[in-house]
Structure formats: structure tokens, C-alpha cells
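A.B. asks: Quick one: the structure is below, and I'll ask about it shortly.
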Amino acid sequence: MNGAQNTRDHNMHAGGGACQPIRKFPGQEETGMKKKLQVGLAILVLCAAAVAGWGVYRYGQISKAIDAMNIGNTTDDSSRAYDRPSIRQMKRDFFMTGYLYAFFYKSIADSMGLSGGEKVLDFGCGSGAPDIYIADTLSRSSGSLTCMDISPLWQRVARLRLAAYTNVEYICGDITSLPIKENSYDVILVNYVIHGIDKSLWPGIGKALARVLKPGGRLHINEPDEEGHSMSMDEIRVLMTGSGLKEVSLVRTKILGLVMPRNEGVFMK
């Protein structure tokens, strides 16, 4: 028995069993971690370079497409005239809203709760940033989208963005004087529009929007709530209820809860 015990002890001390831990040399763990960090950083740099390269390529495509519209000279970048943007402004807007801020505009379209069969008006459509998602939803059924704006230049950019969709029509002009039939639309989107219009014109715009909205239809409004660039919740509420619409919801929110504070409202006729 003593011989068996001695043999077992000898085997264990000789390293023949699993009892021996794997020894690591000093600094071995740190070296391995450093290599992993270096590989991770290299992958991150490659991904960033790929994204940047793709962005340059897409911006080049956008530039060519807008240049091909042969708009000619409009205003320079210092101009604040909304209806006559510069070529550079149009290119920058198309790229920024279509790619860098795409998640924001998709969330606006998603929040409208469209089933696909509605007749939708985007009042003050600009370059049509959320409209590509709205048109896509409506194209799955019998729905249609009307893009309305006072600027023919921005409408041309919207047409470029939405060229793949056949369920979109375009109206250029002032909603208070356009001959649109009453009760024409199931849903109206007003996205960052009214805050930039002279306040003396708000009542007429509110009444015109209410007039073309169908009974039971919804108006979705999003306006910024930042110092010097805003339309307050009270201003939205007074305008919409004063135009004959009923408040469904009205809240203040931010993108990812962090930036671009805005007031979001839903009103019903």
C-alpha cells in the first residue's frame, strides 16, 4: 500500500496529472491583450476608411445627379432664402438627410402608423427626406403621396430622391391659394416647416391644412424647440385647435434623448 502511495505521489510531482497549472511568464497576459487591442484598432481604422470612401463615392454620385439637373446659379451659401438654395446646399442636404440622418427621418415615417392605403400629404416637403420611407410603405398597397413645397428647386431634389416611386405626385405653391379639394387627405405630415414661416401667416396655413384633411384624418407635426429656432408646444396647440383640429398627443422629445429637442404632435379632424 505504501508503494502504491509513493508511486502516485511521484507521478503527481512529476507533472503526469492534471493537477499541474499552466504557467505564464511575467508580462505574457499584457502582451496578448496589447495584440488584441492593436488588431481591434486596425479593424476599426479599416472600417472607418471604408465608410469614408463609400461616403465620398455616394456624395460624388449625388453631385453628378444634381449637376445634371442644370439648375444653374441660384444663391450663395450665405443666403437664408429657403426657396432659392445654392447647389452646394442641395447636395449637402441630400447627402446628410439621406444617409447620416436617415434613421431620424425613417423614425418620423414609422411614427405615422401608416397601413399603406392612405392618401398622404407632406406639407413643405423640402428635399423629401422622410418621403422615401412614406412612399415605400404606401407602394405596398394602394396609397399615394403628395409632396408639396413652395420652392421649385427643392421639389426637383425631392423628385430626384423619389424617382423610383410611381405613387408620388408633386404640387408647387402656397397651400392657402392652391385649388385643392376639401377632405382630400387621410394623413398630413408637417415636418420642421411652420417655425420658419412668418407668424402672421400661421392662421391661414392652419385653416388650409384642416380644410384638406379628411374627417377622422390625422395631422402629424414636428417642430424644433431650440432657442431662436422653435415653435413651442403652446403655439402648436393654439394653431391646430384654433383651426378646428382636436389634440391627440403633444410631447417634447429629443433624438436618442440627447440632441435636437423638438415638439411632436398628432391632431385629428
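A.B. asks: Please work out which one of (1) among the charged types (D, E, K, R); (2) within 17 Å of ILE194 (Cβ to Cβ); (3) in contact with a helix residue (DSSP H, G or I) (Cβ under 8 Å, 6 or more places away or on another chain) is the condition GLU182 fails and give its number.
C.D. replies: Tallying (1) among the charged types (D, E, K, R); (2) within 17 Å of ILE194 (Cβ to Cβ); (3) in contact with a helix residue (DSSP H, G or I) (Cβ under 8 Å, 6 or more places away or on another chain), GLU182 fails exactly one: (2).
A.B. asks: Does TYR192 fit the bill of being among the aromatic types (Phe, Trp, Tyr) and buried (at least 21 other Cβ atoms within 10 Å of the Cβ)?
C.D. replies: No; evaluated as a whole, the condition is false for this residue.
A.B. asks: Let me ask something additional. Check whether at least one residue in the range 193-205 is of a type in the set (Gly, Ala, Ser), out of contact with any Pro (no Cβ under 6 Å at 6 or more places or on another chain) and modelled with pLDDT of 95 or more, and report yes or no.
C.D. replies: Taking every residue of the range 193-205 in turn, at least one turns out to be of a type in the set (Gly, Ala, Ser), out of contact with any Pro (no Cβ under 6 Å at 6 or more places or on another chain) and modelled with pLDDT of 95 or more.
A.B. asks: Another one. Go through the range 234-248 and give me each residue that's of a type in the set (Asp, Glu) and either touching a strand residue (DSSP E or B) at 6+ places or on another chain (Cβ under 9 Å) or touching a residue at least 40 places away in the same chain (Cβ under 8 Å) (or both).
C.D. replies: If the condition is that a residue be of a type in the set (Asp, Glu) and either touching a strand residue (DSSP E or B) at 6+ places or on another chain (Cβ under 9 Å) or touching a residue at least 40 places away in the same chain (Cβ under 8 Å) (or both), then GLU235, GLU247 are the ones that fit.
A.B. asks: For the condition surrounded by fewer than 23 Cβ atoms within 10 Å (Cβ to Cβ) and touching a Cys at 6+ places or on another chain (Cβ under 9 Å), what is the one hit in THR146, THR97, THR137?
C.D. replies: THR146
A.B. asks: If you go through the range 215-242, how many residues are farther than 18 Å from ASP186 by Cα, part of a strand (DSSP E or B) and modelled with pLDDT of 95 or more?
C.D. replies: Looking only at that region, the number is 1.
Per-residue answers, yes or no, for (1) among the aliphatic types (A, V, I, L, M); (2) in a helix (DSSP H, G or I); (3) under 22 Å from the mean Cα position of the chain (by Cα):
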residue	(1), (2), (3)
SER142	no, no, no
ARG156	no, yes, yes
TYR165	no, no, yes
THR176	no, no, no
LYS181	no, no, no
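A.B. asks: For the range 144-154, enumerate the residues that are aliphatic (A, V, I, L, M) and assigned to a helix (DSSP H, G or I).
C.D. replies: Hit for the range 144-154 is LEU153, nothing else.
The values are calculated or read from the model by the stated rules, or taken from the named source; none is laboratory data. Quantities reported herein were computed from a predicted structural model and do not represent experimental measurements. When we count neighbours, we look across all protein chains shown, and the Cβ atoms used for this are built from the backbone with ideal geometry, even at glycine.
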